[in-house]
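Here the structure comes first, spelled out in structure tokens, and everything after it is commentary.
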Amino acid sequence: MPRRLSILIAEDGAADRMLLAAIVRRQGHHVVTAANGAEAVELFERERPQLVLMDALMPVMDGFEAAQQIKQLAGNELVPIIFLTSLTENEALVRCLEAGGDDFIAKPYNPIILEAKIQAMHRLRRLQATVLEQRDLIGRRNQQLLDEQRAAKAIFDKVAHAGCLNAPNIRYRQSPRALFNGDLLLAAQAPAGRMFVLLGDFTGHGLPAAIGAMPLAETFYGMTAKGYSSNQILRDINAKLKLILPVEMFCCATFLDINLEQGILRVWNGGLPDGYLIKAVDGARLPLRSRHLPLGVREATSFDDTFETLPLAPGDRLLLLSDGLLESCNADDQLFGEQRLLAVLESNSDPATLFDDIQEALHDFHGQILDDLSLVEVSMIGEPGAVAPHPLHVYPLGSRELRPRDWSTCFELRPGSLRSADPLPMAMQLLLQISPLRYRVGTIFTVLTELYANAVEHGVLLLDSSIKSDAEGFASYYRERQRRLDALDEGFVSIEFTVRSEGAKGYLRIAVRDSGPGFDVQRALNQQYCSEYLGGRGLRMIRQLSERFYWQPDGKVLNVEFHWSGHA
Amino acid sequence: MTISSQLSADGQELTITIRGRFDFNTHQAFRDAYQCAGSLPRRYVVDLNGATYLDSSALGMLLLLRDHAGSDKADIRLINCNPDVRKVLSVSNFEQLFAIA
């Protein structure tokens with residue numbers, strides 16, 4: 001349907017101008033007229049007509065100049081300019097278009113062609129307006145989406161940073177948008193001086209990936225705080241993701257269970273590229289290979305939670321990366337790739353600069369900072385076994401705390417449960433009920449872990465710690481441990497807790513007994529002072545961390561006491 | 001990228017052939033390739049001979065096919081994988097779910 005437009009006519013010949021204005025008015029349009037280019041520009045500013053019919057050659061300011069100025073004033077809006085011309089040389093016609101003209105019409109005017117051109121230009125106007133409208137709409141929506149993502153990220157950070165990502169020994173690079181690229185990094189201090197780190201990479205991008213990250217983080221932090229083992233946490237995360245994610249979605253992940261005091265690293269990698277353990281002593285690089293399906297693929301019943309065990313020493317570094325790092329492309333569409341990463345690792349001479357070296361290599365390769373990859377370095381700082389013994393806490397006790405306590409309870413684990421169960425979280429839940437002990441729950445967990453491991457490995461399984469004297473023996477020790485545990489058909493470990501309190505003073509006694517032949521505790525303690533074993537620091541640590549550590553002469557029962565005293 | 005599928009003469013085996021990049025853009029075509037097969041074949045073969053690239057959403061699509069074909073009971077072979085494709089499959093340990101040749 002033809003539409004009425006407001007049209008500016010710029011023409012220096014008065015007769016021509018009147019004639020053209022009459023034709024255009026008769027076609028139903030609103031007309032304003034100018035006698036030269038300068039007037040045209042001024043009128044355009046004032047009246048904002050929708051279309052301009054412009055004579056090329058005019059005094060004061062010609063049509064070419066006026067067209068340029070009008071186009072500039074119009075900005076994004078399309079104001080079609082049709083040149084009125086008796087010019088016939090091609091060059092002059094080209095000049096009209098170059099000056100910003102959209103079309104031209106030759107004198108003398110044919111009213112039918114003129115109206116057809118006006119309507120054609122009007123269609124272009126509408127198209128341009130629609131494009132602009134849609135562009136602005138997309139822009140607004142995108143801004144809204146980014147705002148929402150920012151808010152979602154802020155909420156997520158509260159959950160994800162509940163742990164210890166800011167610990168001095170962790171360096172990581174993750175863009176603020178990583179969450180919406182499906183990358184996830186979690187770290188938490190676990191009881192007994194351990195640290196758990198999880199780097200995850202969800203398939204897919206955007207909201208679905210971010211939503212999956214939420215329950216994963218909650219499970220990770222919640223279960224870590226309660227003292228669950230890395231295996232149990234991993235199994236729970238897998239089961240949860242399997243339940244909530246659609247079939248085609250999963251989460252590639254590496255789980256690090258770092259126990260520097262014991263000199264043990266346990267690794268589970270399902271679907272992420274090789275991470276690396278870089279040894280301080282000789283710079284050796286041990287790959288942390290993907291050995292499993294990603295999380296959320298397997299049913300709980302067929303999920304494989306086997307961790308690899310590697311020796312860990314102070315100064316060692318752990319490096320994890322998401323495949324965004326290897327698959328990032330530069331401007332020439334080349335992948336960064338594993339070879340380039342290995343070359344950086346190879347040429348590095350000072351492990352302390354490794355993280356920066358990789359960042360620099362990425363920057364050089366891409367010429368810019370990329371935002372869809374994750375890189376994490378965990379360095380092993382601090383001396384093993386350097387846990388300061390906790391002082392006796394003296395704190396006010398309410399009247400409830402002053403009620404006398406006198407109870408004991410005993411767990412006994414037999415082969416089936418020794419293989420599959422972890423009694424420690426359950427025990428810790430129980431001990432958390434004793435409020436004067438809450439302040440020392442980490443220490444108690446450490447000691448309990450040592451006692452239990454000692455009873456299982458040396459008492460029931462009769463393993464010899466001295467095998468662990470080097471890295472090779474270390475791995476075979478843990479293989480042998482698993483083999484014997486799988487084959488175990490008799491034996492037990494019992495753990496007895498006794499709690500007594502009178503007024504503000506009280507104590508917890510933990511007695512751990514096993515079915516083994518017993519051992520010479522004093523000799524083992526003395527030996528450990530001079531031992532350089534990777535493992536076997538346990539007994540000495542127990543003595544440091546508790547108020548009392550004693551045993552029966554046959555070495556079959558180890559007793560540890562934690563005392564408290566408060567004031568009313 | 002093209003995806004085509006061919007049912008064996010006895011209707012027991014469906015072969016899905018993938019050329020070019022096997023990524024998110026092939027999502028619908030890949031689904032169509034096994035959903036339109038009519039009667040449920042017993043065995044599936046995914047021929048990756050012409051596949052130059054495979055991303056994580058392609059892995060997701062393979063999981064969808066596996067789910068469609070009966071999860072743990074599914075009989076799916078991935079054949080003619082080039083070294084790059086094989087690497088992606090092995091990092092994710094997909095040989096635990098699919099027969100890879």
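What to note about this one:
- Tally, over segment B:62-91, of residues that are charged (D, E, K, R) and open to solvent by less than 40 Å² (accessible area, probe 1.4 Å): 1
- Filter result (buried (at least 20 other Cβ atoms within 10 Å of the Cβ) and either within 13 Å of chain A (Cβ to nearest Cβ) or more than 13 Å from the chain's Cα centre (by Cα) (or both)) within segment B:30-40: B:30
- Only a single item in (1) over 14 Å from the mean Cα position of the chain (by Cα); (2) among the basic types (Lys, Arg); (3) surrounded by fewer than 21 Cβ atoms within 10 Å (Cβ to Cβ) is not met by residue A:194, and it is number (3).
- Only listed residue being open to solvent by 20 Å² or more (accessible area, probe 1.4 Å) and of a type in the set (Val, Ile, Thr), chosen from A:24, A:32: A:32
- Strands (runs of 3 or more DSSP E) fully within segment B:1-55 counting 3 or more residues that are of a type in the set (Val, Ile, Thr): B:13-22, B:43-54
- Residues in segment A:223-244 that are within 14 Å of chain B (Cβ to nearest Cβ) and open to solvent by 10 Å² or more (accessible area, probe 1.4 Å): A:242 alone.
- Residue selected from segment A:1-21 under the condition among the charged types (D, E, K, R) and loosely packed, with under 14 Cβ neighbours inside 10 Å, by the criterion nearest to residue A:52 (Cα to Cα): A:4
- Taken over segment A:276-317, the criterion of being free of Cβ contacts under 8 Å to residues at least 40 places away in the same chain, small (Gly, Ala, Ser) and within 30 Å of residue B:64 (Cβ to Cβ) is satisfied by A:290, A:302.
- Residue match in segment A:467-488 (condition: part of a loop (DSSP other than H, G, I, E, B) and farther than 24 Å from residue A:316 by Cβ): yes
- Identity of the residue in segment A:245-303, polar (S, T, N, Q), surrounded by fewer than 23 Cβ atoms within 10 Å (Cβ to Cβ) and outside any loop (DSSP other than H, G, I, E, B), that ends up farthest from the other protein chains (Cβ to nearest Cβ): A:259
- Residue list for segment A:259-270, restricted to those being at pLDDT 95 or above and not aromatic (Phe, Trp, Tyr): A:267, A:269, A:270
- Within segment B:42-54, tally of residues that are at pLDDT 85 or above and open to solvent by 10 Å² or more (accessible area, probe 1.4 Å): 5
- Considering the conditions (1) open to solvent by less than 10 Å² (accessible area, probe 1.4 Å); (2) of a type outside the set (Gly, Ala, Ser); (3) in contact with a Ser or Thr (Cβ under 8 Å, 6 or more places away or on another chain); (4) farther than 22 Å from residue A:296 by Cα, residue B:15 is excluded by exactly one of them, (1).
- Residues considered: A:149, A:134. Of these, the only one that is in a helix (DSSP H, G or I) and modelled with pLDDT of 90 or more is A:134.
- Residue selected from segment A:500-543 under the condition surrounded by fewer than 16 Cβ atoms within 10 Å (Cβ to Cβ) and part of a strand (DSSP E or B), by the criterion modelled with the highest pLDDT: A:500
- For residue A:338: the one exception among (1) within 12 Å of chain B (Cβ to nearest Cβ); (2) without any contact (Cβ under 8 Å) to a residue 40 or more places away in the chain; (3) over 22 Å from residue A:216 (Cβ atoms); (4) not aromatic (Phe, Trp, Tyr): (2)
- Only one of the numbered conditions (1) modelled with pLDDT of 90 or more; (2) part of a loop (DSSP other than H, G, I, E, B) is violated by residue A:412, and that is (2).
- Among the residues of segment A:236-265, the ones that are within 21 Å of residue A:189 (Cβ to Cβ) and of a type outside the set (S, T, N, Q) come to 12 in all.
- Odd one out for residue A:123 among (1) open to solvent by 60 Å² or more (accessible area, probe 1.4 Å); (2) farther than 17 Å from residue A:49 by Cα: (2)
- Among residues of segment A:180-222, those that are β-branched (Val, Ile, Thr), more than 14 Å from chain B (Cβ to nearest Cβ) and in contact (Cβ under 8 Å) with a residue 40 or more places away in the chain, counted: 1
- Number of the condition not met by residue A:328 [criteria: (1) open to solvent by 60 Å² or more (accessible area, probe 1.4 Å); (2) within 14 Å of chain B (Cβ to nearest Cβ); (3) over 15 Å from residue A:252 (Cα atoms)]: (1)
- Restricting A:53, A:19, A:57 to residues that are in a strand (DSSP E or B) and out of contact with any His (no Cβ under 9 Å at 6 or more places or on another chain) narrows the list to A:53.
- When residues of segment A:444-469 are limited to those that are modelled with pLDDT under 80 and in contact with a helix residue (DSSP H, G or I) (Cβ under 8 Å, 6 or more places away or on another chain), the one nearest to residue A:503 (Cα to Cα): A:465
The values are calculated or read from the model by the stated rules, or taken from the named source; none is laboratory data. Model, not experiment: these values are computed from the prediction. Note that each Cβ is placed from the backbone with ideal geometry, even for glycine, and that neighbours are counted across all protein chains shown. What goes into the accessible areas is simple: the full protein's heavy atoms, side chains included, and nothing from ligands, DNA or RNA. Shrake-Rupley method; radii C 1.70, N 1.55, O 1.52, S 1.80 Å.
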